[in-house]
Amino acid sequence: MTKSALQIARAAYQPKLPKALKGHVKVVAGAATQSVADQEEIQKLFPNTYGMPLIKFETSEEAVNFPAMNVGVILSGGQAPGGHNVISGLFDGIKKMDPANKLYGFILGPGGLVDHKYMELTADIIDEYRNTGGFDIIGSGRTKLEKVEQFEKGYEILKELGIKALVIIGGDDSNTNACVLAEYYAAKNYGIQVIGCPKTIDGDLKNDMIETSFGFDTACKTYSEVIGNIERDCNSARKYWHFIKLMGRSASHIALECALQTQPNICLISEEVEAKNMSLDDIVTYIAQVVADRAAKGNNFGTVLIPEGLIEFIPAMKSLIAELNDFLAANAEEFSHIKRSHQRDYIISKLTPANAAIYASLPEGVARQLSLDRDPHGNVQVSLIETEKLLSEMVGTKLAEWKEAGKYVGKFAAQHHFFGYEGRCAAPSNFDADYCYSLGFAASALIANGKTGYMSSIRNTTAPAEEWIAGGVPITMMMNMERRHGEMKPVIQKALVKLDGAPFKAFAAQREQWAKETEYVYPGPIQYFGPSEVCDQPTKTLQLEQGK
Ligand code: FBP
């Protein structure tokens with residue numbers, strides 16, 4: 001396989017580990033824990049894994065002999081930079097315990113466990129993937145592990161391979177399922193431990209004990225590099241407004257972090273839109289006003305960052321989508337006979353007046369997307385809606401009206417971008433390479449010490465890696481009850497952008513200035529070699545959250 005020069009050089013990078021994980025490790029157990037909410041219900045559902053203490057690892061003078069054991073690993077959900085390093089940290093950790101230990105990877109996500117598709121990850125294979133992006137070592141998938149039959153099918157293969165512990169690397173849903181699996185195997189006395197690892201570029205799996213999910217750092221730095229390049233192009237040609245949509249299924253952490261790194265003219269934050277009960281027209285008016293104000297100073301250019309999940313956070317759009325979902329599910333047959341050219345009017349005639357008015361105001365293409373593209377559950381596929389085009393089109397219409405009324409003089413030409421897949425498999429930054437390797441290594445220490453139902457945790461992440469705190473957090477501690485598909489279910493609480501949090505406040509304090517002036521920052525590409533202040537900086541979000 002041909003390798004790039006960077007790949008070859010990067011293979012030799014030795015990720016940094018917290019001091020506590022370097023030599024002999026001892027466990028320090030903290031106080032018993034409680035779930036973030038709904039304590040009684042969660043305790044009832046997880047009698048074997050509820051209330052366990054927080055775990056911290058410390059350096060020990062004494063060597064401990066661990067029983068030989070095989071371990072399984074699964075990559076679950078969307079790719080995030082650093083997944084291969086979690087696996088290499090886990091591999092090195094279990095080999096340190098006993099060189100006879102084996103690591104098995106289940107192929108293409110949780111489905112591999114159920115369908116018994118696996119491979120042994122040997123030293124040669126692991127060495128090929130150290131410090132690389134992607135999840136291609138074993139592949140990933142989105143099969144949900146939630147049914148008893150799946151747990152039992154999984155148990156069959158785990159038993160056959162002599163696997164005593166399973167590490168599930170995933171987001172909030174996958175870790176919720178890891179916890180359910182841990183509880184199930186504990187209740188059945190199967191002798192199989194289950195450990196989770198916090199993954200997602202979206203950055204929404206975090207709490208007091210999990211400071212960040214891995215991959216967020218690299219993905220945001222990759223997008224920020226390109227946003228910076230666009231800003232520089234924009235400020236060179238001075239003739240375009242760039243509308244840039246950024247991944248992040250629902251939370252706006254990625255958009256916010258990229259805004260803090262690049263200082264665009266506008267960045268929308270879905271959580272704020274919802275809190276202020278803003279309508280689509282409010283958002284369009286806000287953008288159009290910034291465009292008009294800049295035009296008045298002769299600046300017919302700018303950049304706008306838009307979080308992927310925006311549409312679902314606009315309360316009026318949420319209600320329109322909900323009514324459309326119900327209506328089209330109930331009237332699918334009748335709708336299929338309506339001529340394409342009449343579908344828009346047909347829908348308008350059937351909706352309640354408020355929703356009909358919003359639907360009528362949408363550009364043709366978006367209205368069509370809302371009425372056609374359904375997922376297998378009958379829901380509109382919001383991520384397919386080209387919000388960046390929707391907004392620029394509506395801003396263009398508004399500016400044309402203002403021009404007619406003599407309220408705006410300027411030129412408005414838009415370019416559109418969507419950044420998501422471009423960053424999910426980037427070579428991990430030093431932060432993610434170190435953080436992920438440490439998460440994997442800490443997972444092996446949790447396994448060695450017989451823990452189950454824990455998520456591997458590395459804290460104090462704005463300090464040098466040497467001072468990071470490694471340990472484990474009971475997954476039940478992060479849970480609350482939420483309605484899913486009409487039923488109350490125990491789930492890990494998703495972390496949305498906090499409007500009273502330091503990152504949002506820092507952004508809000510500067511955004512007016514960024515809108516008026518051109519104060520772009522150009523972060524440039526991720527640097528893997530060079531001075532620490534260039535190569536090892538954590539995200540602005542982490543730094544601000546930790547008061548740095
Ligand atoms: P995870 O939550 O599984 O980490 O995935 C995050 C994400 O990258 C979102 O940002 C995005 O909306 C989604 O996955 C895209 O999913 P897919 O890879 O199935 O297209």
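Looking at region 18-122, send over the antiparallel percent of its DSSP beta bridges, to the nearest 5.
DSSP beta bridges in region 18-122 are roughly 75 percent antiparallel.
Computed as a quarter of the hull surface, the mean projected area of the alpha carbon convex hull for region 268-344 stands at 7.2 nm². Pairs from the table (117/153; 318/389; 206/318; 96/188; 276/318; 102/159) lying more than 21 angstrom apart at Cα are 206/318; 96/188. Per the Kirkwood formula applied to alpha carbons, region 122-192 shows a radius of gyration over Rh ratio, Rg over Rh, of 1.01. In this entry, region 39-187 is assigned a mean projected area of 9.8 nm², taken as a quarter of its C-alpha convex hull surface.
Can you give the convex hull volume per residue for the Cα atoms of region 433-503, as a whole number of Å³?
Working: hull volume 9.9 nm³, N = 71.
Taking only Cα atoms, region 433-503 has a hull volume of 140 Å³ per residue.
Applying both filters, DSSP loop and at most 13 other Cβ atoms within 10 Å, to the trypsin sites (Lys or Arg not before Pro) of region 486-521 gives 498.
Computed over region 473-532, the convex hull of the alpha-carbon atoms projects to a mean area of 8.9 nm². Residues whose amide H lies under 5 Å from that of residue 73, counting only those 5 or more places away or on a different chain, are 104, 105, 106, 167; hydrogens are built 1.01 Å from N in the peptide plane.
log₁₀ I(q)/I(0) of the chain at q = 0.05, 0.06, 0.07, 0.11 Å⁻¹, via Debye over equal Cα point scatterers, no solvent, to two decimals? Values, matching the q order: -0.22, -0.32, -0.44, -1.01.
Shown here for region 496-548: chymotrypsin sites (Phe, Trp or Tyr not before Pro) in loop regions (DSSP other than H, G, I, E, B) with at most 12 other Cβ atoms within 10 Å, namely 529.
Please report the antiparallel percentage of DSSP beta bridges with both residues in the chain, rounded to the nearest 5.
45 percent
Taking every alpha-carbon pair within region 328-465, the share separated by more than 27 Å comes to 55 percent. Scaling the Cα radius of gyration of region 185-235 by the globular reference 2.2 N^0.38 Å produces a ratio of 1.91.
Would you tally the net charge around residue 255, using a Cβ to Cβ cut-off of less than 13 Å, leaving residue 255 out, and scoring K and R as +1, D and E as -1? Walk me through the numbers before you get to the answer.
Working: positive: 245, 249, 511, 540; negative: 202, 204, 257, 271, 272, 308, 388.
Counting the neighbours of residue 255, the net charge comes to -3.
Enclosing the Cα atoms of region 196-324 in their convex hull gives a volume equal to 120 cubic angstrom per residue.
Of all the accessible heavy-atom surface of region 177-263, with the other protein chains kept in place and a 1.4 Å probe, what percent is carbon and sulfur? Summing carbon and sulfur atoms, their accessible area is 42 percent of the total for region 177-263.
Placing a label point 7 Å from the Cα of residue 352 along the Cα-to-Cβ direction, the residues of region 478-493 whose backbone N falls under 20 Å from that point are 486. Start at zero, step by 10 Å, and the Cα-Cα distances of region 1-88 spread as 11, 22, 35, 22, 8, 2 percent across the bins. P(r) tail for region 142-266: Cα pairs beyond 21 Å make up 54% of the total.
Structure note, pairs 199/548; 199/451; 16/144: Cα-Cα distances above 22 angstrom occur for 199/548; 16/144.
Please give the per residue accessible area of the chain, computed with a probe of 1.4 Å over protein heavy atoms only, in Å². Intermediate values should be presented prior to the final figure.
Values: 23030 Å² over 548 residues.
Heavy-atom SASA per residue in the chain reads 42 Å².
The values are calculated or read from the model by the stated rules, or taken from the named source; none is laboratory data. All values derive from a computational prediction rather than experimental measurement. When we count neighbours, we look across all protein chains shown, and the Cβ atoms used for this are built from the backbone with ideal geometry, even at glycine. Surface areas here come from the heavy atoms of the whole protein model, side chains and all, with no ligands, DNA or RNA. Shrake-Rupley method; radii C 1.70, N 1.55, O 1.52, S 1.80 Å.
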